[in-house]
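Read-outs throughout are calculated quantities, based only on the coordinates presented, and are distinct from any laboratory measurement. In this text the structure is predicted, and so the values were computed from the model without any measurement.
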Amino acid sequence: MAAQETAAHAASQRRYYARHRDEINTKRSANKDWRRWLETRKLWKRTYRNKPRIHRQVYWAIQRGELVRPESCSHCHRTGCQIMGHHEDYSKPLSVIWLCQRCHLAVHRHEVIV
């Protein structure tokens, strides 16, 4: 079912773009940062092309019960907050460290080592 919805959505986007191509291209060319944004996006996709797939693997592992999201942060042990999965190594997709938002942001800012 999800594949059909995805295909239908992609077809819908193609039809929209075909109908509004001139308007979209005019807006893009008027935006000075469009090319820089596009290059940044391409670089991100090349660098992190596996991230979306790995995030889906974690999601489905949670749904199947293979991974369990804990109630507390594995770093500061806070409870009652949103717990997020953090990957230290994307080559190990189901090796996840469960952190609260505060600790997760601190890890990405290199303020905390897990």
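Compute the Cα gyration tensor for the stretch 1-43, then decide on rounded, prolate or oblate, letting a ≥ b ≥ c be the square roots of its eigenvalues: rounded whenever a/c is under 1.5, prolate when a/b is larger than b/c in the other cases, and oblate in all that remain.
Oblate shape, in that a/c is at least 1.5 and b/c is the bigger or equal ratio.
Please turn the phi angles of the stretch 55-61 into ³J(HN,Hα) values with the Karplus equation 6.51 cos²θ - 1.76 cosθ + 1.60 (θ = phi - 60°), one per residue in order, whole Hz, x for glycine and proline.
Taking θ as phi minus 60°, the curve returns 4, 5, 4, 5, 4, 5, 5 Hz for the stretch 55-61.
Hey, what's the per residue convex hull volume over the C-alpha atoms of the stretch 48-114, in cubic angstrom?
Enclosed volume per residue, from the Cα hull, is 85 Å³.
From the Cα trace of the chain, what convex hull volume per residue do you get, rounded to a whole Å³? Present the calculation step by step, with values, prior to reporting the outcome.
Working: hull volume 18.8 nm³, N = 114.
Output value, Cα hull per residue: 165 Å³.
So what are the ³J(HN,Hα) numbers for the stretch 80-97, from phi and the Karplus equation (6.51, -1.76, 1.60; θ = phi - 60°), rounded to whole Hz, Gly and Pro as x?
Those phi angles translate into x, 9, 6, 9, 10, x, 10, 9, 7, 9, 6, 6, 10, x, 9, 8, 10, 9 Hz.
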